[in-house]
C-alpha cells in the first residue's frame, strides 16, 4: 500500500508543480458563470427558475468531466512518452498502479472543482457543510466513473492515438449535449430523453443538484441517480482494471 | 473534419433546439449563425494544434529542410487554417440552411471573403500561441483561454442589447468589437432577430 501511495504522491506532485491549469480552470469557470450564466438565466427567466444555480452545477460537472478526461490523456501520454513501461517495471501490482492513477485523478478533480463549488454555494447563500460534502461525494463518484471510461478507452490509443482523440471528442460531445448538464430532462424533446438517460452525466448532475437543494421536480429520482453513479464508477473501474491487467503489457502508443 | 462537423451538428440539433424550447422557438434561428461562427473559429484555431504538434514531434525539422523560407512556411500554415475555417463553416452553413431561412446562404456567398479573412486572422492568432508555447502543454492553456473568452464575451449566445442591459459597459464594448460577434451578426437571418435575445 505504501508503494501505491508513493506512486500516487509522485503523480500528484507533478500535477501540483504546474498550478497554471488550476488558476486557468477557476478563472474560466468564473468568467463563464459571470457572463454566460448570468445572461442565459435572464433569457431563460421563469421558464426554469434559478437557472443560474442550475447552470453553475452543470459547469462543475463539465470541470469534473474534463479532469477525468485529463487522467485518460495522462495515461496515454505516459505510454507515448515511454513512462508507462517504466511504471510497469516498478514493484507494484497492476491494480495498485491503477489505484495510484485513480488517486491522481481524484486529486486533480477535487482541486479543480472544490473551490468553485464552495464559492458558488457561499455567494448563492446555499453553503451548508452536509450539502457541500455530499455534493463533493457525488462529483467524486462521477469523476471516478468517467475516469474508468477514459482509461478503458485508452486501448484504442495503443492502436492509433488520432482515433483515440477523435473518439474522445465525439464521445464528449454526445455525453454532454444529450445529458442534463445544461438543461433539465423536462424541457428536452421526447425523442432525446431516452438518449439522455443513457449519459452518466445526467445522473451525476441531477444527484449533485438534489444534494444542493435544487427543486426536485426538475430532477431525476435521487436514489436512482445515486445507484447509477455508484454502479458506473464500480463497473468502469473494474473494466479498466482488467484492461490494465491484460492489455497494457508491452504496449506502445502508435 | 468529421469530428468537428459532428460537434457543431450536435450543438445545432441538440443544444440549440433544447435552448429554443427553454427560451423561445425563435432563439433557435438566433443561435444557428452563432454556432456556424463557433465552427469557423474551431476549424481555424486547429492550425495552432497542428503547429504545436509539428514542433513537438519534430516534423518541423523536416519542413525546415524543404526549399522554402521560414516565413513562407508560416504563411502556408496560416492560409491553410483560413481555408480550413472557410470550407468547414461553408459546409455547416449548407447544413444549417435546412433548418433556418435559405437567405442565409445568399448572404454567406457575399460574406466568403470576410469569413476567409476572419478565419485567417484566428489561425494566425492560434499559430502565434503555438509558436510561443515552449513549455510542455502550455499551448492548451492559451487555446482554452482564447476559446472561452472569445466565445463567452461575444454575441453568439445573446445579443449586444442584452449584454449592455445586464453587464458593465466595457464588457458590452468588448463583445461589440469581438470578430466572432461581427461574423454571427453578418450571418444572421434578419436585423430584427439580431437584437431579440
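I want to make sure I understand the PRE zone here: with the label point 7 angstrom from the Cα of residue A:245 toward its beta carbon, which residues in the range A:78-97 have backbone N atoms less than 14 Å away? Residues passing the 14 Å test: A:93-97. A crude spin-label estimate for the pair residue A:162 and residue A:95, with each label 7 Å from Cα along the Cβ direction, gives 3.9 nm. Peptide B:138-145 is shielded by partner chain Cβ atoms: per residue, an average of 3 of them sit within 10 Å of its Cβ. Size check on chain A: the Cα extents along the three principal axes, sorted descending, read 58, 38, 31 Å. Projection of the Cα convex hull of chain B, averaged over all directions and equal to a quarter of that hull's surface, yields 12.0 nm².
A Förster radius of 25 Å combined with the Cβ-Cβ distance from residue A:2 to residue A:22 puts the calculated FRET efficiency at roughly 0.35. Taking every alpha-carbon pair under 8 Å whose residues sit at least 6 apart, the range B:2-194 reaches a relative contact order of 28 percent. The modelled label-to-label distance for the pair residue A:169/residue A:215, using points 7 Å beyond Cα in the direction of Cβ, is 3.8 nm. Of the residues A:124, A:56, A:193, the one that moves most in a GNM of chain A with alpha-carbon contacts below 10 Å is A:124. Neighbour counts of other Cβ atoms within 10 Å put A:245, A:206 in the fewest-to-most order A:245, A:206. The angle between the Cα long axis of helix A:161-177 and the main principal axis of chain A comes to about 20°, on a 0 to 90 degree scale.
To the nearest ten degrees, helix B:138-152 and the longest principal axis of the Cα atoms of chain B are 20 degrees apart. Legend: ranking of residues A:162, B:46 from fewest to most surrounding C-beta atoms inside 10 Å; resulting order A:162, B:46. Each part reduced to its alpha carbon centroid, the range A:64-142 and the range A:210-224 end up 24 Å apart. Peptide B:147-160 has a mean of 3 when you count, residue by residue, the C-beta atoms of other protein chains within 10 Å of its C-beta. Taking each residue as 0.36 nm, the span from residue B:132 to residue B:97 lengthens on full extension beyond its C-alpha to C-alpha distance by 8.7 nm. Computed log10 I(q)/I(0) for the protein assembly as shown at 0.14 Å⁻¹: -1.47, from the Debye equation with unit scatterers placed on every C-alpha and solvent omitted.
Looking at chain A as a GNM with Cα springs under 10 Å, which of A:145, A:82, A:131 has the largest mean-square fluctuation? Maximum fluctuation in the GNM of chain A, among the listed residues, is at A:82.
Taking Cα atoms only, the orientation of helix A:200-211 departs from the longest principal axis of chain A by about 50 degrees. Under Stokes-Einstein, with the Kirkwood radius over Cα pairs as Rh, the value for the range B:10-69 at 20 °C and 1.002 mPa s is 150 µm²/s. Shielding value for B:8-20 is 4, the average number of Cβ atoms from other chains within 10 Å of each residue's Cβ. If R0 is 25 Å, the Cβ-Cβ spacing of residue A:77 and residue A:133 corresponds to a FRET efficiency of close to 0.15. Across every direction, the projection of the convex hull enclosing the Cα atoms of the range B:1-43 has a mean area of 2.6 nm². Identify which of A:183, A:104, A:192 has the largest mean-square fluctuation in a Gaussian network model of chain A, with springs joining Cα atoms closer than 10 Å. It is A:192.
Values quoted throughout were computed directly from the atomic coordinates according to the rules given, and no laboratory measurement underlies them. Keep in mind that this is a model prediction, so the values were computed, not measured. Using ideal geometry, Cβ is built from the backbone for each residue, glycine included, and neighbour counts are taken over all protein chains shown.
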